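First comes the structure, then the notes that go with it.
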Amino acid sequence: MYSSQVSLLTEEIPNMVSSFRVSELQVLLGFAGRNKSGRKHELLVRALHLLKSGCSPAVQIKIKELYRRRFPRTIESLADLSALKSPAFPLDTTPPADSESGSGTALSSASTSAASQPSSPLVSPLVLHDTKPSVEMQEASTSIHPVHPDVQLKSIPFYDVLDVLIKPTSLVPSNIQRFQEKYFIFALTPQQVKAICISRDFLPGGRRDYIVQVQLRFCLAETSCPQEDNYPNNLCIKVNGKLYPLPGFTPPLKNGVEQKRPGRPLNITSQVRLSSAVPNQISVSWAPEMGRNYSVSVYLVKQLTSAVLLQRLRNKGIRNPDHSRALIKEKLTADPDSEIATTSLRVSLMCPLGKMRLTVPCRAVTCTHLQCFDAALYLQMNEKKPTWICPVCDKKATYESLIIDGLFMEILNSCTDVDEIKFLENGAWCPMRPKKESLKLSSQCPKVESTKTFPLAGGSVTRGYKFKMIGKKLERRILFSHSIVTVWNALPERVVETDSMTTFKGKLDRYLKRKNLQGYGERAGEWD
């Protein structure tokens, strides 16, 4: 028991020193009789070197005293908390066996590739609890939760995990207060800082974005299955003393239901100190819930695009067309207990998302339908708003379950002029081309007699010319054939009596220009 406490104390004291400000570092170095002038980086290196060379118990007590002033609501170590608990519930405080000791900083680094999940964190997080233990704390916590539970978070397709900065750590209330608060400290290696900096991209408006990001995730402390992102109630996060803005609340589906924030990873890169010499501190404040415990973790990830995921999907290979043919035969097999037999199945070659012809037909292996959707468009939509819902059956269609259908690829390559096909009982298919409707035209077009539509006055008028028309009075409606009569009769004889239509148009245009009239809607009296 004593040896475990000593090893834990040896790991935590350098973390405490790493969180000190310039003033605390100067006080510590002055107390130890060392030079306390210089920049913060020099002071920190000097203080860590003091610990590496071996410090007296008085110096350790001074470090804990300065740490209590820095974080008033904390205790020295996890060993103090374990001493408060019953021996029937031991608290495992031994460091991981695969962690490596840093050069005088007690920081463990994990250098892994992007394709593999690391097993050891960069630095063991310093979990801080309340300062004054009391009977109230023992009554509030009836059972001991592991500091690092075996919680697995669901992988996010658009992110590759490069390193684990803080392993999943329990958020356990330490007293009966309504709001709880914990602190976590992590540091970046020079290689990680370089990877983040070279991935920086400048966006319009002076904003910066990083492809390599520091990602903060919350989930339920459940070990039965991989957990989705889930936020505690009344969550408040501060990164290096600055408040981190959380996603907005989603509108409730039913009235009276409490609003919740959508669970998603938090990109805190913009507030992280991109330096290997200065550690980063995360403050988490939340309101505990009865019967629900949460965990927090920090990762170094690389953001991917939909084009990269599409290429990875292609690299997985195309599913054998025989699988789809077997599924077709199974669906079209006659059921002896049913009076209705299905002999064919019509399937569209248009994507239900974009209403365009399929280019990369895919569906989830969990789906029972034959209809496919376009993989490129599906990934682009989930890149903007990740839902991973099949657009055909509205069931879960995760990225890991997507497959490219080989039979549909053959159909798309062989039929370029059809948008719908029909599957037969034997697994074969045939294109469904629209029937061309023959248009029957009569050889003789009906003749329209102009004298019935526009009857001429003839000899019934005493003055004017022979092309004047007779207008009919209508009570309720005015047709064009009758309303134009007044305008026509107002035209002078030299305009109307012409030999051809071209001559008539020219005379009419010149007449209208002279009269300075626009259109045919003027009163008949203005045409004279």
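One table, with the values for the structure above:
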read-out: Theoretical gain in end-to-end length, residue 424 to residue 290 [0.36 nm per residue, Cα-Cα removed]; value: 42.5 nm
read-out: For the stretch 11-70, radius of gyration divided by Kirkwood radius, i.e. Rg to Rh on alpha-carbons; value: 0.90
read-out: Solvent-accessible surface (1.4 angstrom probe) belonging to residue 322, in square angstrom, nearest 10; value: 90 Å²
read-out: Residue-wise HN-Hα coupling along the stretch 313-322, computed from phi with Karplus coefficients 6.51, -1.76, 1.60 (Hz; x: Gly, Pro); value: 5, 5, 5, 5, x, 9, 5, 4, x, 5
read-out: Vicinal HN-Hα couplings computed from phi for the stretch 375-385 (Karplus, 6.51 cos²θ - 1.76 cosθ + 1.60; Hz; Gly/Pro x); value: 5, 5, 5, 5, 5, 5, 5, 6, 5, 6, 9
read-out: Residues whose placed amide H lies under 5 Å from that of residue 229, excluding near-sequence neighbours; value: none
read-out: Ranking by accessible area, most exposed first, for 16, 501, 432 with a 1.4 Å probe; value: 501, 432, 16
read-out: Amide hydrogen neighbours beyond the local backbone of residue 175, cut-off 5 Å, H modeled; value: none
read-out: Placed amide H near residue 397: partners under 5 Å, 5+ positions off or other chain; value: 389, 390
read-out: 20 Å Cα-Cα threshold exceeded, pairs from 182/385; 302/384; 331/422; 329/355; 182/238; value: 182/385; 329/355
read-out: Karplus 3J(HN,Hα) series, Hz, for the stretch 323-330 with 6.51 cos²θ - 1.76 cosθ + 1.60 (x for Gly, Pro); value: 4, 5, 5, 5, 5, 5, 4, 5
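The values are calculated or read from the model by the stated rules, or taken from the named source; none is laboratory data. The shown structure was predicted, so the numbers you read here are calculated from the model rather than taken from an experiment. Note: areas computed on protein heavy atoms with side chains; ligands, DNA, RNA excluded. Shrake-Rupley method; radii C 1.70, N 1.55, O 1.52, S 1.80 Å.
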